[in-house]
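Engineer: Below is a structure I'd like to ask you about.
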Amino acid sequence: MNCMTRVAPQVSSRGAVSPLTRLFEDAFADAFFHPGREDGEPSVDILPLDVSENEKELVVRGNLPGFRKEDISVEVQDGVLSISATRTEESEQKNEKFYRRERRTGTLARRVALPFEVQEDAVHAEFRDGVLTLRLPRSPKTMPRKVSIN
């Protein structure tokens, strides 16, 4: 007797995913390729940022959901912005056996060369609803000057 099994194709935003692509995605999803995620060791990931400017300042935004403001460090020195945030495990449950442990601990970090000189002592940082917003005022030397025409 023949047994037939119905298989629904996996579809991505670019169309159907080939079995070979799925094989590689599944193979590289293993914890071996992402150290520190399932074995309890901290990992360091890159913090994605939005960087924009207006005529007065540079504005940097980064998503840090699940972090507290005490866990975040921001430094500006010699034209480089450094942001890092560390999340540690709240408490370890000795009497529980975990089947999956997907809530991550570790560090997000990013260093960015600033596109122009800023007033390092006047940086304003705000952390609200998991979004870090930094406002770095331009140095007076980099402010556009209006030139009068005689």
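Engineer: Determine the principal axes of the Cα atoms in the stretch 111-150, then give the extent along each, sorted from largest to smallest and rounded to whole angstroms.
Structural biologist: The Cα atoms of the stretch 111-150 stretch 52, 20, 16 Å along their principal axes.
Engineer: Non-local amide H neighbours of LEU58 (under 5 Å, H modeled in plane, Pro and chain starts lacking H): which ones?
Structural biologist: The list, which skips near neighbours in sequence, is LEU136, ARG138.
Engineer: Give me PHE98, PHE127, PHE116, PHE67 ranked fewest to most by other Cβ atoms within 10 Å of their Cβ, as a rough exposure proxy.
Structural biologist: So the ranking, lowest neighbour count to highest, is PHE98, PHE116, PHE67, PHE127.
Engineer: Sequence-distant or interchain residues sharing an amide H contact under 5 Å with VAL118, placed H: which?
Structural biologist: Hits under the 5 Å cutoff: SER139.
Engineer: When all C-alpha to C-alpha distances in the stretch 60-150 are sorted into bins of 10 Å, what percent of pairs does each bin hold, rounded to whole numbers?
Structural biologist: Per 10 Å bin, starting at 0, the Cα pair percentages come out as 13, 35, 24, 14, 8, 3, 1, 1, 0.
Engineer: If you take every residue apart from GLU75 with its C-beta less than 11 Å away from the C-beta of GLU75, what net charge results, scoring Lys and Arg +1 and Asp and Glu -1?
Structural biologist: -1
Coordinate-derived values only; no laboratory data. Small disclaimer: the values here were computed from a predicted structure and weren't measured. Neighbour counts run over all protein chains shown; Cβ positions are idealised from the backbone, glycine included.
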